[in-house]
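Here's the structure we're looking at; comments come further down.
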Amino acid sequence: MRYYKSFLRTLKHITGIVLVLVMTQVFWSCKKSSEKDKITEPKTNQIEEEPVLSPITGKACKFEMALQTDEFIREIDTLKGYEWDDKTKSAHLMLNDHWRLTLRRGGCDHFELSATFLYDRTLEFESNREMIFDQAKWITGLIPEFDSAMIAEALDSSKFVIQPVMEGQYYINFTDERMSDYYQFEYQTWDDSTKFKIGRYYE
């Protein structure tokens, strides 16, 4: 009986030692596994591109600047020969000795799709209205993102109001409610220069 009790004490002692060893092994295994997980976890801040900041708000741009390219006119043969300015997201083209064209598609906080004509002569608006509108219909008809049919209808049907700003400067405000919130047409003439621009704007 005395030997049996001694055996039980020895067995209990050995069992305790084994239990401690097992728990120690489990602890170190878990720690190594955790450290391994931390090492292999992807660091997203290293693979994400730094966002372009708005010069107005100082926050990330609302519209993705990297996606704003000249793709919208690249395949239009009539506009071949332009120079693309990636900083301003604009294409510049000499149409002839007197006419220049600037096409813009882009923006950070506000997105603009526009066409601006610059003529190195003075054009009186009323006497040249048809020619000015024809130019606007021509360029918006070339670029699919413009609602060219709607623009042509508005200009041909006088669905607009001419608002004088100052001498030689006008805003042509479209009265078609489908366009009034998005499209703007502005015209200005001064000494030996005339500029008019039609644009679609998003916020």
Original post:
Once a ≥ b ≥ c are taken as the square roots of the eigenvalues of the Cα gyration tensor of segment 65-202, is the result rounded (a/c under 1.5), prolate (a/b larger than b/c) or oblate (a/b not larger than b/c)?
Top reply: oblate
Original post:
Which residue, chosen from 90, 161, 149, occupies the Cα position most advanced towards the positive end of the dipole of segment 65-202, where the dipole is computed from +1 (Lys, Arg) and -1 (Asp, Glu) charges on Cβ about the Cα centre?
Top reply: 90
Subject >> Distance between segment 85-114 and segment 119-147 - C-alpha centres, whole angstrom >> reply: 15
**OP:** Would you mind counting up the charge near residue 116? Only other residues with Cβ under 10 Å from its Cβ, with Lys and Arg at +1 and Asp and Glu at -1.
**Re:** +3
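Computed from the coordinates by the stated procedures, all read-outs in this text should not be read as laboratory data. These numbers come from a predicted model, not from an experiment. Cβ: placed from backbone, ideal geometry, glycine included. Neighbour counts: every protein chain shown.
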